[in-house]
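Here the structure comes first, spelled out in C-alpha cells, and everything after it is commentary.
The values are calculated or read from the model by the stated rules, or taken from the named source; none is laboratory data. Since the structure is predicted, the reported quantities are computational estimates derived from the model, not experimental observations. Here the Cβ is made from the backbone with ideal geometry for all residues, glycine too, and neighbour counts use every protein chain on show. These area figures cover heavy atoms from the full protein model, side chains too; ligands, DNA and RNA do not enter into them. Shrake-Rupley method; radii C 1.70, N 1.55, O 1.52, S 1.80 Å.
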Amino acid sequence: MTSSPIIKQSDLISPDAPWWQSTVGYQIYPASFCDSNGDGIGDIVGIISKLDYLADLGIGFIWLSPVYASPMVDNGYDISDYFAINPMFGTMADMERLIAEAAKRRIGIVMDLVVNHTSNQHAWFKAAQSDRNSQYRDYYIWRDEPPVKGSDADITATFGSSAWSRCAESNELYFHLFAPEQPDLNWTNPTLRSEVYKMMNWWLDKGIAGFRMDVIDLIGKQPELGIITDGPDLHRFLQEMYEATLAGRDAVTVGEAWSATVSTAPLYCAPQRRELSMVFQFAHVTQFWDERLGKWKPKAIDWPLLKSTFAAWQNALHGKGWNSLFWGNHDLPRAVSRYGDEGEHRIGSAKALATVLHMMEGTPFIYQGEEIGMTNAAFTRIDQYRDVETLNFHRIQRMEGVAEEDFLAGARANSRDNARTPMQWSASAQAGFTDAKPWIPVNKNHTQINVEKDRSDPNGVFQHYSRLISIRRENAVVRHGDFQLFLADHPNLFAYQRRLGTSVLLIVANMSSHLVSIPPSEMPQITGRDLITGRTASSAVGTTLQPYESFVLSFSSGQN
Ligand code: GLC
Ligand code: CA
C-alpha cells in the first residue's frame, strides 16, 4: 500500500536532520533469517534474496547481527577474525554483494561491532595466552590469583559463574564478562584501540552504513575496582573512536547500553559530544524482571509504569539527543508474547504495539518476524534450546534447587531463543526457511503465522508496519515533534500527542483484550481519518475502543 506524499510546511522544518532520523532499522539474525544452500543455517545469500521484501516493508537500513568468523559459542558474538566472514554465512564477496544490492534499494547495512571482547580463538588471545611477553598480552585483562570473595574484583559474568577463568596455558586468570570463550579486551591499551579503529574504517570504507555497538557501555571497565559500566574512560574512548573513524562520515551508530538511564544517555548521544547517534536502553525491559532471579522470573507488564518510562525517555532526549525505539531483538522475547496477546488478539496486539512505538520520537528498530507478529518459541524441553545463556542458567539454577518446570517456565517467557527460531516465510515444511533440518526448531505455528499469509491480508501486521514507516517519512511531526502523555494512570489506554509547530498527531491505543471507553481527560477530542487505515476514528470522551484498537489522528492546533 502506498500513499500519496503530502508535503506539509512542517516537513521543511529540519531539512538538515541526519538520514537515520527519518527511517527505520530492521534487525537480521543471520542464522535464522533465510537459508539459501540447504544446510539448515541462514546465510548472506539468503538475506540478498529477501532484500525486495525488506524494500517493500520500507526500511532504511539493516542491523546485521555478527557474520564474522567465529566459533559460534555465542552465535557470532565471539569473533575470531574481524576481517573475515564465517563460511557458514558465506564469503566476503557475498558480503560485498549484500552491501551493493542493499544500496540499490536504498538500504544501508549496519554491522554489529563486538569489541568489548573477542573469541578465545582470536589470534590476539591465542598469542596472549601462550606467551606472557607477547605484544598482545596487554590486549586482555589478567590476574594471578582468583579475587577474594566479596572483594571489588569478585565479579560474576553475565552468563553465570565467575568473570575470572583460569587459562590452561599460562596458568593465570583472564577476565570475561560473558562466556569464558569471550575474553574481555583491555581498552586502556592504546594499541588495541587503534587496531579497533583501523578495523572500523576498513568496514566503513567498504560502504557500510554504520555500526551497532555490542555492550559498548562496558568498554570503560576497571575490574580491579569493581567498575563495569560507566567507567571513568568510557566517554573518552567513544570520543576518540568518533574522531578516528566516524568524523566526516554519514554513518549511524547505536550503542547497546543496558546501564543507560535518562541522565547518562545524553552523554552518549548528544550531538555536540561527538560519540554515538543513539543508544539502545532497556528500562522498558528490565523494569519487569525479578529483583533476584532477573529475566528468569519475569513480572507482569504494568502499563502505567511502562508508559511513564517511555514518556520519561521521550522527554529527556527531546532536543538533547536521540532515542532508539524497539520492543524486541535477538536477546529478548517476541514483542506480542511479552507485551501483547499471542492468542486471540495476536494480530491486533502486534499492530497496537507497533503503533504506539513507531509514532514516538526516535529511530524504530524492527526485529525480524515482528512485522508479521511472530511469537515466542514455545519450547517445552531443555534440549530444544541452543542459547549459551539459557543452557548455563539451566545448569546453575538446577544446582541451586530450582525445579525443572520452574526454569522452563522462565525460559519460555524470556530465553533468548524465543526470538531466534527461524523466520516464518510460508506454511510449508520448515516455514520456507530451509529445505534441511534447521539448526534450531521452527515454531510449530508457522502454518498459521507466516509472511505469505500475513501479506495477503490487507489488515495484516506487515501492511500496518509499512504504513507506519511511510507515516514517519512523510510527517516531520513524527520525527521531531514534542511528546505529551495523556491518561497516564489508565491501565489500558496508551494515548499521547506529538506536536511540531501547528502540526499535531494524536495516538490512541487500547492495550488490552477488552473494550475500553475513553474517559474524560486533557486529551483533545478529535474525530477524523486514521492515518494508518484511512478509516474514521475518534478520541472523543465515551468512544469505545475495540481490543487492541489503535489509531493516529492528525490535526492542526492553531497555536505555535
Ligand atoms: C550483547 C548481545 C548478546 C551477546 C552479548 C555478548 O548483549 O546482544 O547477544 O550475547 O552482547 O556479546
Ligand atoms: Ca545456509
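Against the main long axis of the alpha-carbon atoms of the chain, helix 404-414 sits at an angle near 60°. Model label sites at His514 and Glu101, defined 7 Å from Cα along the beta-carbon direction, differ in position by 5.0 nm.
Computed over segment 91-185, the P(r) tail beyond 16 angstrom holds 62 percent of alpha carbon pairs. Overall size of segment 422-560 from C-alpha positions, given as principal axis extents largest first: 61, 32, 25 Å. Extents of segment 301-419, largest first, come to 49, 32, 25 Å (Cα atoms, principal axes, whole angstrom).
Across segment 176-181, computed HN-Hα scalar couplings (Karplus, 6.51 cos²θ - 1.76 cosθ + 1.60, θ = phi - 60°) run 8, 7, 10, 5, x, 7 Hz from first to last residue, x flagging Gly and Pro.
Mind giving me the nanometre distance, one decimal, between the label points for Ala300 and Ala413, set 7 Å out from Cα along Cα→Cβ? Result: 1.1 nm between the two label points. Name the long-range amide H neighbours of Met213: under 5 Å, sequence gap of 5 or more, or other chain; modelled H, no Pro or chain starts. Sorted by chain and number, the residues that satisfy this are Leu113, Val254, Gly255, Glu256.
The Rg/Rh ratio of the chain, with Rg taken over Cα atoms and Rh as the Kirkwood radius over Cα pairs, comes to 0.96. Enter the angle in degrees (range 0 to 90, nearest 10) between the Cα long axis of helix 388-399 and the first principal axis of the Cα atoms of the chain, meaning the one along which they spread out most. Roughly 80 degrees between the two axes. Across all Cα pairs in segment 1-153, the calculated P(r) in 10 Å bins from zero up to the longest distance comes to 10, 29, 25, 17, 13, 5, 1 percent per bin.
Three principal axis extents describe the C-alpha atoms of segment 258-320; from largest down they are 40, 22, 14 Å. A Förster radius of 60 Å combined with the Cβ-Cβ distance from Ser161 to Asp250 puts the calculated FRET efficiency at roughly 0.90. Across all Cα atoms of segment 123-175, the radius of gyration (one decimal) and Dmax (whole number) stand at 11.6, 33 Å. For Asn475, no residue has an amide H sitting under 5 Å from its own, ignoring neighbours fewer than 5 places away on the same chain, with H placed 1.01 Å from N.
Sorted on the mean count of surrounding Cβ atoms within 10 Å across their residues, most packed first, peptides 190-202, 372-384, 419-431 read 419-431, 372-384, 190-202.
Summary value for the chain: 14 percent relative contact order, contacts being C-alpha pairs under 8 angstrom separated by 6+ residues. Give the carbon-plus-sulfur fraction of the accessible surface of segment 132-243 in %, rounded to a whole number; probe 1.4 Å, heavy atoms of protein chains only. Accessible surface attributable to carbon and sulfur in segment 132-243 totals 47 percent. In the context of the full set of protein chains, residues of segment 16-60 present 27 Å² of accessible surface per residue (probe radius 1.4 Å, heavy atoms only). Spin-label pair Ile382-Ser308: with each label point 7 Å from Cα along the Cα-Cβ axis, the two points sit 3.9 nm from one another. A DSSP coil position with no more than 10 other Cβ atoms inside 10 Å describes the following GluC sites (Glu not before Pro) in segment 217-295: Glu291.
With contributions of -39500 (n - 2.57) from each DSSP H run of at least four residues, the per-residue ellipticity at 222 nm computed over the chain stands at -7500 deg cm²/dmol. Does anything in segment 184-199 have its amide N under 12 Å from the 7 Å Cα→Cβ label point of Ala127, and if so which residues? 192, 195, by backbone N distance to the label point. Once backbone amide H atoms are built at 1.01 Å from N, Gln222 has Ile227, Ile228 as its partners under 5 Å, excluding neighbours fewer than 5 places away on the same chain.
Using only C-alpha positions, report the orientation-averaged shadow area of the convex hull of segment 167-320, nm², one decimal.
Reported value for the Cα convex hull: 11.8 nm².
Helix 92-104 and the longest principal axis of the Cα set of the chain meet at an angle near 20°.
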